[in-house]
Structures are given as C-alpha cells and as structure tokens.
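*Asks:* What follows is a single structure, and I will ask about it in a moment.
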Amino acid sequence: MSKKILEIQNIKREFVMGTETVRALKGISFTVMEGEFVTIMGSSGSGKTTLLNLLGCLDKPTDGNYLLDEVNVVNLSRNELAKVRNTKIGFVFQSYNLLARTSALENVELPLFYNPTISAHDRKERAMRSLEAVKLGNRFDHMPNQLSGGQQQRVAIARALVNDPVMILADEATGNLDTRTSYEIMAMIQELNEQGKTIVFVTHEPDIAAFSSRTIILKDGKIVKDSINENKRSAKAMLEALPVSDDY
C-alpha cells in the first residue's frame, strides 16, 4: 500500500451566510493509501457532509489542497472536475439514486455513457460483469421496484464499480437498511476492499465503522481522532452469527 490515493492538505471550507462566516472545516489534513478502508465519522455539524462533498469533487475548498490519485483537483475547471468524478470516483448513496424506470443493467451502464471511448457493446459487457461481481447476475432486467433495498444498494455498488474507479466513496450506504441487509452490504464492501479497492465510507454508526481498518472522527470542523481499528470486525462472520428468522 505505497501509493497515495487521497491527500488532504490543511483543507478549510468557509460559507458566508449573510453577515456571518461559517467555518465548516478548520484546516484538516490526512492521507488515504491505496487499498485502505477508511470510515469518516462525526455528528451533525461536525463538517462530515462538507468533507464528503469535497472528497467527491462536488465542491472546492476555500483554502488548502486536495490531491486525488496524485492530481490536485483544487486547480481543475468545472468540466475537468466532472471528468474526475466520472472516472476516478465510484459513488454509493444512502438512497441508492437509481433511475426508477430503468433496468438494473441500464442503471449500471449510466456512468459509461459519458465516456465516448467505450462502445455500446463494451458498455453492456462491463455493466454485466459489474452486476455479476455483486451477485446480481440474474437481475439484469429487473426494475428498482422489483428489487429489495439490499439488492438496490448492490446495483448502486455495481454502478460505482463499472468505471474501475481509484476510490469508492460511500455516504451512509447502510442507513436505509435493516441489520441483516447492512451486514450483507458491508460483507460485500469488505470483499471489494480485500480485492484491492480503496474505500472511504462516511457513517454516523460506530458498529458500521468497526468493519473498516481505520476511522477518522470529525468534531467542529477538525479531526479529533484518526486511529487504526485494532479489532476490525468481519461482516461475513457477524452475518453468519445472526439468528435465522422465519422471514428468511
């Protein structure tokens, strides 16, 4: 794990609200290496959402530098940022963000439509492989309303993987799921991490953070703790330990 995927250097983000200046991030610095699985935690108002928007290249800092895959994105234009988002980052959201009248396969293909170098045939092939990787090879033609919440989130993960990004950025990706389905999703994310994917997972749940290898905690716009999880839990083991109910 020698390559730096993320390098945050003294990032500050301020918002002017009328006559007030809100300092959402007050000079934070950290690095994420290739193949790491990092969770970012913090309560409401900690700066977690602001940091997420910056990491996802949806916003720019007021001051400081952000290097993603060795490129300082602070200096990029709007179009260049859009290209970085599409090719370097795979997003997974709490609310799945799937197109309702579009099949699982077409939802996964979507990021590839913005890459003119990929043919329609290759686009479909890559989307199929991505769905197979999340164990939905038998759901290509299903619409979101024909899928469970956990299956919809797996489609979202497949969509995040389809461009082979340098980082998967997840925002409360288990927030809408029950315990069993949350463990299923986390087991899949741990498996992707074991295959070498770099994961940055934003959550407010300590039990979800325990599945990562490292946790960064924000409070009042500053990092108050950045620690290795010595007792990282296995989501697969937790899933197997759950009692089997009549519903399953």
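*Asks:* Per q in 0.14, 0.20, 0.23 1/Å, what log10 I(q)/I(0) does a Debye calculation on the alpha-carbon atoms of the stretch 1-93 return?
*Replies:* -0.52, -1.05, -1.34
*Asks:* Using a basic spin-label model with each label point 7 Å from the Cα along Cα→Cβ, how many nm lie between Lys135 and Met17?
*Replies:* Roughly 4.3 nm, to one decimal.
*Asks:* Another question, if that's okay. In whole Å, largest first, what are the principal axis extents of the Cα atoms in the stretch 1-50?
*Replies:* Taking max minus min along each principal axis of the Cα atoms, the stretch 1-50 gives 46, 21, 10 Å.
*Asks:* In whole Å, what three semi-axes, largest first, describe the equivalent ellipsoid of the stretch 191-248 built from its Cα gyration tensor (square root of 5 times each eigenvalue)?
*Replies:* After diagonalising the Cα gyration tensor, the semi-axes are 26, 15, 10 Å.
*Asks:* Right, another one. Are there any trypsin sites (Lys or Arg not before Pro) in the stretch 84-189 that are in a DSSP loop and have at most 15 other Cβ atoms within 10 Å? List them by number.
*Replies:* Arg101, Lys135
*Asks:* If the chain between Glu125 and Thr31 were fully stretched, how many nm would it gain, using 0.36 nm times the residue separation less the Cα-Cα distance?
*Replies:* 30.4 nm
*Asks:* If a paramagnetic tag sat 7 Å from the Cα of Val71 along the Cα-Cβ line, which residues of the stretch 162-205 would have the backbone N under 13 Å from that point?
*Replies:* From the stretch 162-205, the list is 165-167.
*Asks:* Taking 8 Å as the Cα distance limit and 6 or more residues as the minimum spacing, I'd like the relative contact order of the stretch 94-248 as a percentage.
*Replies:* This gives 21 percent for the stretch 94-248.
*Asks:* Right, here's the next one. In the chain, what % of DSSP beta bridges are antiparallel (nearest 5)?
*Replies:* Close to 60 percent.
*Asks:* Show me the GluC sites (Glu not before Pro) within the stretch 165-248 that DSSP assigns to loop and that have at most 11 other Cβ atoms within 10 Å of their Cβ.
*Replies:* When the GluC sites (Glu not before Pro) of the stretch 165-248 are filtered for loop state and at most 11 Cβ neighbours within 10 Å, Glu230 remain.
*Asks:* What is the distance in Å between the Cα centres of the stretch 1-60 and the stretch 115-176?
*Replies:* If you average the Cα positions of each part, the centres end up 26 Å apart.
*Asks:* Next question, about the same structure. In what sequence do Met143, Met17, Met186 fall when counting other Cβ within 10 Å, fewest first?
*Replies:* Taking fewest neighbouring Cβ atoms as first place, the list is Met17, Met143, Met186.
*Asks:* Now, a different point. When a footprinting reagent is the concern and you count Cβ atoms within 10 Å, what order do Val74, Val32 take, fewest first?
*Replies:* Ascending number of Cβ neighbours within 10 Å: Val74, Val32.
*Asks:* On to the next question. Could you tell me which of rounded, prolate or oblate describes the stretch 42-162, using a ≥ b ≥ c as the square roots of the eigenvalues of the alpha-carbon gyration tensor, with rounded for a/c under 1.5 and, failing that, prolate when a/b is larger than b/c and oblate otherwise?
*Replies:* The shape class here is oblate.
*Asks:* Now, a different point. Could you line up Asp164, Asp69 from fewest to most neighbouring Cβ atoms inside 10 Å?
*Replies:* Arranged by neighbour count, lowest to highest, Asp164, Asp69 become Asp164, Asp69.
*Asks:* Could you tell me how many degrees, from 0 to 90 and to the nearest 10, lie between the Cα long axis of helix 179-194 and the main elongation axis, the longest principal axis, of the Cα atoms of the chain?
*Replies:* Computed tilt is about 70 degrees.
*Asks:* Also: Gain in length, Asn115 to Asn176, computed as 0.36 nm per residue apart minus the alpha-carbon separation, to one decimal in nm?
*Replies:* That works out to 18.9 nm of additional length.
*Asks:* Multiplying the sequence separation of Ala241 and Asp59 by 0.36 nm and subtracting their Cα-Cα distance, what value in nm do you get?
*Replies:* Difference between extended and current length: 61.4 nm.
*Asks:* Can you classify the stretch 82-145 as rounded, prolate or oblate using the Cα gyration tensor, where a ≥ b ≥ c are the square roots of its eigenvalues, rounded means a/c under 1.5, and otherwise it's prolate if a/b beats b/c and oblate if not?
*Replies:* oblate
*Asks:* Against the longest alpha carbon principal axis of the chain, how many degrees, from 0 to 90 and to the nearest 10, is the axis of helix 149-161 turned?
*Replies:* In the chain, helix 149-161 runs at an angle near 60 degrees to the longest axis.
Here, each number is a calculation from the coordinates, and none is a lab measurement. In this text the structure is predicted, and so the values were computed from the model without any measurement. Using ideal geometry, Cβ is built from the backbone for each residue, glycine included, and neighbour counts are taken over all protein chains shown.
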